[in-house]
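The block underneath contains the structure these notes are about, expressed in structure tokens.
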Amino acid sequence: MSVIRRREFVALLGGAAAAWPLAASAQQSERMRRIGILLPVAADDAEFQTRVGAFLQGLQQLGWAIGRNVRIDTRWAGASATEIRRHAAELVELAPDVILAHGVPTLGPLLQATRTVPIVFPTAADPVAAGFVDSLARPGGNATGFMDLEYGMAGKWLELLKQIASGVTRVAVLRDPATPTGPAQFGVIQAVAPSLGMEVNPVNVRDASEIERAVGANARFPNGGLIVTPSGWASVHRELIVKLAAQHKLPAVYFGRYFVAGGGLISYGPDLSDQYRRAAGYVDRILKGEKPADLPVQAPTKFELVINLKTAKALGLEIPPTLLARADEVIE
């Protein structure tokens, strides 16, 4: 799968209409449609630029061209809950045909603002547990999309940590207490721990100061390691988390590739750029008349294992050849 980088993203978002396909259905070409995008990060976040680029590429492949038959209103709201609510209200006021919304931080405010405007989420941990949809098969409301979570994946994180750093016996599991999936993920990790001879401890963190205290406290004990579970705060503070893990020489497992690309040790999780591309298909179907209530929430289909050899070397770790062979990407 090709990866959309910053220059391609800018070209897509800028609406270089001449470069986009001119073939589209008659009804599409006759009517300008409006898509809102709400993201809980700043506009200079390269990872999210890549994901939005994948979404726009997906729209392009389905015959939608910015400035010709579709208009895109993007709101980069940052991590502030207040700003997310403000931007959510602004987008709803624009009366778009559909809104693309990233994850739990944006879905809650949007569903408070509207129960009629269709919403597609390219990623959400457990939309049923969060109350965003009635069920995966029949969402029932105005939102549908794609999960980024398979609970068994949490046990895999602990197994990977043991494989890549066999000396680790004590693991801090960083989680956001406001995320409903956090306790369930920790439960899976806790169930796997005895068979691996490891002790795991949940650590609730929500901001930079709590992250610094938690990582520092864990580093005071010998044979320590980290697991970083999915949440909005983890994505926003990923540079800090990776920096602290390196500073304290703690082997850490992350849920997304972008942590490892930024210097983290190892990650295992769904390919979120692929899910943004798949989300374009749902947006297309809604623009053509289907209802979110009838479009099932889909599970991840592509997972990626990424290893950073430079970081492993800095930690004095030798990666088992079998693990390297299984990796989808090795960063040297």
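Looking at this structure, is THR301 at pLDDT below 95 and either of a type in the set (Ser, Thr, Tyr) or open to solvent by less than 50 Å² (accessible area, probe 1.4 Å) (or both)? Before you say what the answer is, go through the steps one by one.
On the way: at pLDDT below 95: yes; either of a type in the set (Ser, Thr, Tyr) or open to solvent by less than 50 Å² (accessible area, probe 1.4 Å) (or both): yes.
When the stated conditions are applied, THR301 passes them.
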* Between residues in segment 314-332 that are within 12 Å of LEU265 (Cβ to Cβ) and in a helix (DSSP H, G or I) and residues that are of a type in the set (A, V, I, L, M, F, W, C) and open to solvent by less than 100 Å² (accessible area, probe 1.4 Å), which pairs lie under 9 Å by C-beta distance while being six or more apart or on different chains? -> ALA314/ALA246; LEU323/LEU160; LEU323/ILE164; LEU323/ILE266; LEU323/LEU305; LEU323/ILE307
* To do: Would you mind telling me which numbered condition in (1) open to solvent by 40 Å² or more (accessible area, probe 1.4 Å); (2) touching a helix residue (DSSP H, G or I) at 6+ places or on another chain (Cβ under 9 Å) PRO321 fails?
  => (2)
* Structure fact -> Scanning segment 275-330 for residues that are aliphatic (A, V, I, L, M) and closer than 19 Å to VAL133 by Cα gives ALA279, VAL283, ILE286, ALA293, LEU295, VAL297, ALA299
* Got a number for residues in segment 55-103 being in contact (Cβ under 8 Å) with a residue 60 or more places away in the chain and open to solvent by 60 Å² or more (accessible area, probe 1.4 Å)? -> 4
* Asked: Given the residues VAL236, VAL283, VAL330, which is the only one that is open to solvent by less than 10 Å² (accessible area, probe 1.4 Å) and either out of contact with any Pro (no Cβ under 7 Å at 6 or more places or on another chain) or among the charged types (D, E, K, R) (or both)?
  -> VAL283
* Given (1) open to solvent by 10 Å² or more (accessible area, probe 1.4 Å); (2) assigned to a strand (DSSP E or B), number of the condition ILE307 does not satisfy -> (1)
* What number of residues within segment 195-211 satisfy the criterion of being surrounded by 13 or more Cβ atoms within 10 Å (Cβ to Cβ) and assigned to a helix (DSSP H, G or I)? -> 4
* Given the residues VAL260, VAL192, which is the only one that is of a type outside the set (Ser, Thr, Tyr), outside any strand (DSSP E or B) and open to solvent by less than 10 Å² (accessible area, probe 1.4 Å)? -> VAL260
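Counting only residues that are among the acidic types (Asp, Glu) and at pLDDT 90 or above, which one in segment 162-212 is nearest to THR311 (Cα to Cα)?
In the first step, residues of segment 162-212 are kept if they are among the acidic types (Asp, Glu); the result is 176, 199, 207, 210, 212.
Add one more test, that the residue is at pLDDT 90 or above, and what stays is 199, 212.
Values: GLU199: 24, GLU212: 20 Å.
Going through the qualifying residues, I end up with GLU212.
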* Asked: among the small types (Gly, Ala, Ser) and closer than 27 Å to PRO300 by Cα - does that describe any residue in segment 240-251?
  -> no
* Asked: Among the residues of segment 85-130, how many are over 20 Å from the mean Cα position of the chain (by Cα) and part of a loop (DSSP other than H, G, I, E, B)?
  -> 9
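If you take the residues of segment 143-175 that are outside any loop (DSSP other than H, G, I, E, B) and open to solvent by 10 Å² or more (accessible area, probe 1.4 Å), which of them is farthest from ILE286 (Cα to Cα)?
Applying the first criterion (outside any loop (DSSP other than H, G, I, E, B)) to segment 143-175 yields 143-147, 152-164, 170-175.
Subsequent filtering for residues that are open to solvent by 10 Å² or more (accessible area, probe 1.4 Å) retains 147, 152, 156, 159, 162-163, 170, 175.
Values: MET147: 18, GLY152: 31, LYS156: 35, GLU159: 40, LYS162: 44, GLN163: 44, ARG170: 48, ARG175: 34 Å.
So, considering only residues that are outside any loop (DSSP other than H, G, I, E, B) and open to solvent by 10 Å² or more (accessible area, probe 1.4 Å), the one farthest from ILE286 (Cα to Cα) is ARG170.
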* To do: Mind telling me which of the residues ASP274, ASP294 ends up being crowded, with 19+ Cβ neighbours inside 10 Å, charged (D, E, K, R) and touching a residue at least 60 places away in the same chain (Cβ under 8 Å)?
  => ASP274
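The values are calculated or read from the model by the stated rules, or taken from the named source; none is laboratory data. As the structure is a computational prediction, the values presented were derived from the model and not from experiment. For neighbour counting, all protein chains shown are included, and Cβ atoms are generated from backbone atoms with ideal geometry for every residue, glycine included. Protein only, heavy atoms only, side chains kept; ligands, DNA and RNA dropped before computing areas. Shrake-Rupley method; radii C 1.70, N 1.55, O 1.52, S 1.80 Å.
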